[in-house]
Amino acid sequence: HWFYGHMKHYTNNETGLLRLIQRFKTFPLMISHWIGPVMTILQVYHPDSVHAVLTSGGNNKLQAPKNDLGYRFIRPWIGDGLLTSKGSKWFRNRRLLTPAFHYKVLKPYSEIFNKNSLVMVDKFKKVCGQSVEVHTHVGLMTLDTMLQCAMSTNTNCQHVTDHPYLMAVKEVGDLLMERSRQPFHFFDWMYNLSANGIRNKVVVKVLHDHTEKIIAERKEVLAKAVNDEEKDSEMEGFQTIKGKVLDFLDILLQSKDEDGKGLTDIEIRDEVDTFLFEGHDTTSSGIAWALYHLAKYPEFQTKCRDELTEVLGDRKYVECCTFLLYCGFIKFVLNDLPKLEYLTKFIKESLRLKPPVYIMGRQLEEPLKITEKSSGRVSTIPVGTNVSTSIFMLHRHENFWDNPTVFDPERFTKENIAKRPAFAYVPFSAGSRNCIGQNFAMNEMKICLAQVIRNLRLYIDGDSPVPKMLPRIILQSESGIFIRLEKI
């Protein structure tokens, strides 16, 4: 279309996503399409082209750093954190934040994952036999988890949903979604003059004020903890406080670069808000779609449950530190998770078909050569090109996935993984800008799903519509994800 370009053909819904898939046979490496009359995007979805775009160019510089097309809408909230920053700032802050995701730091979080998952399971048990929209419940659970792991903030949001901060998080998400549906609001000046744009500024201020208040209070607590009476110990070089898990904010406040410089208060706020945004919406999408797949494929649900029974055995009480008894529930810690091999394969297959981050935007700062290994054909992409890496299309590329629409966890046996190119599967991105929190996310998903599977049977709700994919900032469902539950 002379004005809309390809926007009417590749619509922002499930139909548009599936239309893109049809282009594989004609264009197996990449395609370009118009967004309106003046903007073109090169979409890549072959492992060779994805590898070229996502890998680093070296010297603290990426050939294709993130562009502002996909992230401009959320920048007023999350600022210049790891998700949106570029160049030397990104490299520096990535180094500073990496210790926050070391094994020893992640280990105590399993207590939080278990506790919040069990709260959700208890809520599910009260509505057994009814049609339940699980994405809403999962979203509250992951938000509760992120607030506790990021800032040790306990809002009890799975039961109390009118907390001002929680309401602001929900509203800013709704405003982002609404903006993505309004083409004229893509222009900042037009959006800022609109009612939604004005409201967005108010809501973002609520979020920033809350985070800044927590930061100021934590700085005082850490300063007082210098004396041995209040100081507990150190973990990975960071000071911990008695009676409290070392959280993301503690690490941000104490991190120093090679010159002894720490993060500014604004940088800390941006990273906390980024951590909350990335870890809340993406993980809730991944868990919600996994619950749907468990309900849709009862044979795989049974295999996951059998594995949990085998791993647990008949142990009920804590013998070392592996299992704990909490209100009648057994709780998992990180040492248990590597044993859940089938559940891990199931989660990976769910993320293949329904990747929460289904697309990533980049912009070339240097010419980029893309070589298709099978044919030897070389394409040179010019500077300034907006490149979109379609994880959704990559994960369904028929050259690398047999029967790509079929759900099959056995795709992720060690033998089958070895047969595929490394960049054929990138649910957490890849290269130097891969997701820093992917182990955190996988641990949370495993523990949450394990608790649900152990306590409940899941069934497809035949009276509710089949969920249709809705590509927004995160892959969601048009009308929710409804399933039925039964106590075991």
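Among what's in the stretch 462-488 and is touching a strand residue (DSSP E or B) at 6+ places or on another chain (Cβ under 7 Å) and part of a loop (DSSP other than H, G, I, E, B), pick the residue that is farthest from T136 (Cα to Cα). Step by step, filter the stretch 462-488, then rank; the result is I488. A single member of E398, E415 is touching a residue at least 24 places away in the same chain (Cβ under 8 Å) and among the charged types (D, E, K, R), and it is E398. Of the candidates N439, N399, N403, the single residue that is closer than 29 Å to G279 by Cβ and either among the polar types (S, T, N, Q) or part of a loop (DSSP other than H, G, I, E, B) (or both) is N439.
Go through the stretch 239-272 and report how many residues are in a loop (DSSP other than H, G, I, E, B), among the aliphatic types (A, V, I, L, M) and over 22 Å from the mean Cα position of the chain (by Cα). Of the residues in the stretch 239-272, 2 are in a loop (DSSP other than H, G, I, E, B), among the aliphatic types (A, V, I, L, M) and over 22 Å from the mean Cα position of the chain (by Cα). Filter the stretch 89-109 down to the residues that are surrounded by fewer than 21 Cβ atoms within 10 Å (Cβ to Cβ) and aromatic (F, W, Y) and list them by number. Across the stretch 89-109, the qualifying residues are F91, F101, Y103. Taking V121, is it assigned to a helix (DSSP H, G or I), over 18 Å from the mean Cα position of the chain (by Cα) and either modelled with pLDDT under 90 or within 18 Å of V383 (Cα to Cα) (or both)? For V121, the condition - assigned to a helix (DSSP H, G or I), over 18 Å from the mean Cα position of the chain (by Cα) and either modelled with pLDDT under 90 or within 18 Å of V383 (Cα to Cα) (or both) - is not met.
Evaluated against (1) crowded, with 20+ Cβ neighbours inside 10 Å; (2) modelled with pLDDT of 90 or more; (3) aliphatic (A, V, I, L, M), L42 falls short on exactly one condition, (2). With respect to the conditions (1) assigned to a helix (DSSP H, G or I); (2) at pLDDT below 95; (3) within 23 Å of the chain's Cα centre (by Cα); (4) buried (at least 17 other Cβ atoms within 10 Å of the Cβ), H185 lacks only one, and its number is (3).
The values are calculated or read from the model by the stated rules, or taken from the named source; none is laboratory data. As the structure is a computational prediction, the values presented were derived from the model and not from experiment. Reconstructed Cβ throughout: ideal geometry from the backbone, glycine too, with neighbour counts over all protein chains shown.
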